[in-house]
Amino acid sequence: MELILYYMPGTRAERIRWILEELDLEYRVETIDLFKGEGQRADYLAIHPLGQLPALKVDGEVMIESGAIVQWLAESVPGSNLAPAPDQPTRCAFNQWMYFVATSLEAPAWEMMLHGRILPDEQAVREIIPFAEKRYAEALGVLENAVKDQDYLVDGRFSAADIMAGYILAWFPGQLVSYPALQSYLARLKQRPAYPHAPAN
Ligand SMILES: N[C@@H](CCC(=O)N[C@@H](CS)C(=O)NCC(=O)O)C(=O)O
């Protein structure tokens, strides 16, 4: 299988890099520097129509959406062990956390990131931030309960859902101060050899 990861450090492409490393797959990295506007290059728009990261090319076919790519790799790579099979009882929890992270956790975190750190003053709507922080804290409370008595989200075993969650939790470590189980959970995830600490290139 030929894999090409369209990547920039710090972006959601880290999720893909993380799972590719967990699965010990070989892949090529194509860096797209969003800060230099490379996402809007015609050749990249032909790969990702929104000019966003990540994209993964698999034997010439392109996939976009980090959650979908993570899930697809977890399910499709033989022997992956990163997603329960559809007929397993733990599949319910797996689906739940994959979607919970992509929606309830990531949406407010992204508002905080966008309006608090990324957008310039003239575009940022700072008034959004307190509400987003409240929604983020509510989602953190749910996740805190989920990892209070187990190491990982799904049946206590590491899965693709932890990759989805760990990437977002690392955005705002300061917000975890009232969530001791999540602090330990994030520390545990960061200790995994496949965790993407340093940029890929
Ligand atoms: N839901 C998409 C979001 C992709 C996304 O927003 N990526 C950011 C980087 S983390 C991006 O490319 N932003 C540049 C832009 O929107 O032009 C996913 O998870 O793949």
### Message
Looking at the stretch 12-24, can you tell me whether even one residue there is within 16 Å of Ile163 (Cα to Cα), among the aliphatic types (A, V, I, L, M) and not in a helix (DSSP H, G or I)?
### Response
yes
### Task
Kindly establish whether Ala55 is in contact with a strand residue (DSSP E or B) (Cβ under 9 Å, 6 or more places away or on another chain) and either of a type in the set (Ser, Thr, Tyr) or closer than 23 Å to Val154 by Cβ (or both).
no
#### Entry: Members of the stretch 35-51 found to be within 24 Å of Ser76 (Cα to Cα) and either part of a helix (DSSP H, G or I) or within 11 Å of the ligand (Cβ to nearest atom) (or both), listed by number
His48
### Message
If Val70 satisfies all but one of (1) surrounded by fewer than 18 Cβ atoms within 10 Å (Cβ to Cβ); (2) under 28 Å from Val29 (Cα atoms), what's the number of the condition it fails?
### Response
(1)
### Task
Give the residues of the stretch 22-43 that are surrounded by fewer than 20 Cβ atoms within 10 Å (Cβ to Cβ) and either in contact with a Phe, Trp or Tyr (Cβ under 8 Å, 6 or more places away or on another chain) or at positive phi (or both), sorted by residue number.
Asp24, Val29, Glu30, Thr31, Gly37, Glu38
### Message
Going residue by residue through the stretch 181-190, is there one that turns out to be within 12 Å of the chain's Cα centre (by Cα) and not hydroxyl-bearing (Ser, Thr, Tyr)?
### Response
no
### Query
Failed condition for Val58, given (1) touching a helix residue (DSSP H, G or I) at 6+ places or on another chain (Cβ under 8 Å); (2) closer than 24 Å to Thr31 by Cβ; (3) open to solvent by less than 30 Å² (accessible area, probe 1.4 Å), with all others met?
(1)
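Okay, residues lined up against (1) in contact with a His (Cβ under 9 Å, 6 or more places away or on another chain); (2) closer than 15 Å to Leu23 by Cβ; (3) within 9 Å of the ligand (Cβ to nearest atom):
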| residue | (1), (2), (3) |
| --- | --- |
| Leu53 | no, no, yes |
| Gly60 | no, no, no |
| Pro78 | no, yes, no |
| Ala85 | no, no, no |
| Asn95 | no, no, no |
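The values are calculated or read from the model by the stated rules, or taken from the named source; none is laboratory data. Since this is a predicted model, take the numbers as computed values, not measurements. Ideal geometry is used to build each Cβ from the backbone, glycine not excepted, and the neighbour counts take in all protein chains shown. Just the protein is used for accessible areas: all its heavy atoms, side chains included, with ligands, DNA and RNA removed. Shrake-Rupley method; radii C 1.70, N 1.55, O 1.52, S 1.80 Å.
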